[in-house]
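Below is one structure, written out as structure tokens, with a few remarks after it.
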Amino acid sequence: MIANLWAQAANGTEYAYEMSDPVEEDTFLVDGIEMSNFVHPAWFEPFKHPPGTKFDHLGRLTKPFSMTKGGYVIVRKGGKSRSSSVRRPRKSALPRKTGAAIAANTANAMDCAFDC
């Protein structure tokens, strides 16, 4: 497994710089379109953060380099990479939209990713 960017934890373990993998099965709606949760920059910072720091958009994570059920991270330690995951069966009560519906709402979704 190869990543271009890595964030290093205090113990030397490196985590692939992936924005949605750690929380990928957690979702929220934007104009009726199901969007994947994503981590904030604080997730990649190994130091202690003040109370109330958000590590992901939905506020489910409580510390850097953690993940929710259904998420995964690529970890490198001692030069060797591996994938860690917390899997759960996919249970989505939300209808999935594809094709034209997604294309029509891409601008709104991108705005939310930067402004929500």
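None of the figures in this text is laboratory data; all of them are computed from the coordinates on show. Quick caveat, the model's predicted, so the values are computed rather than measured. Backbone-built Cβ (ideal geometry, glycine too); neighbour counts: all protein chains shown.
Sort Phe65, Phe47 so the one with the fewest other Cβ atoms within 10 Å of its own Cβ comes first.
Numbers: Phe65 23, Phe47 7.
Exposure proxy ranking, most exposed first: Phe47, Phe65.
List the aspartates and glutamates whose Cα sits under 17 Å from the Cα of Lys63, skipping any in the same chain fewer than 8 residues away.
Excluding near neighbours in sequence, the set is Glu14, Glu18, Asp21, Glu24, Asp26, Glu45.
Which values, in whole Å and largest first, are the semi-axes of the equivalent ellipsoid of the range 1-80 obtained as the square root of 5 times each eigenvalue of the Cα gyration tensor? Don't skip to the end; give the middle numbers.
Values: eigenvalues 104, 50, 16 Å².
Square roots of five times the eigenvalues give 23, 16, 9 Å.
List the relative contact order of the range 1-88 as a percent without decimals, with contacts defined as Cα pairs under 8 Å and 6+ residues apart.
On the way: 176 pairs, mean separation 25.8, N = 88.
The normalised contact order for the range 1-88 reaches 29 percent.
What ranking, highest mean first, results for peptides 16-27, 32-43 when packing means the other Cβ atoms within 10 Å averaged over each residue? Please list the in-between numbers first.
On the way: 16-27: 19.8, 32-43: 17.9.
Ranking the peptides 16-27, 32-43 by packing returns 16-27, 32-43.
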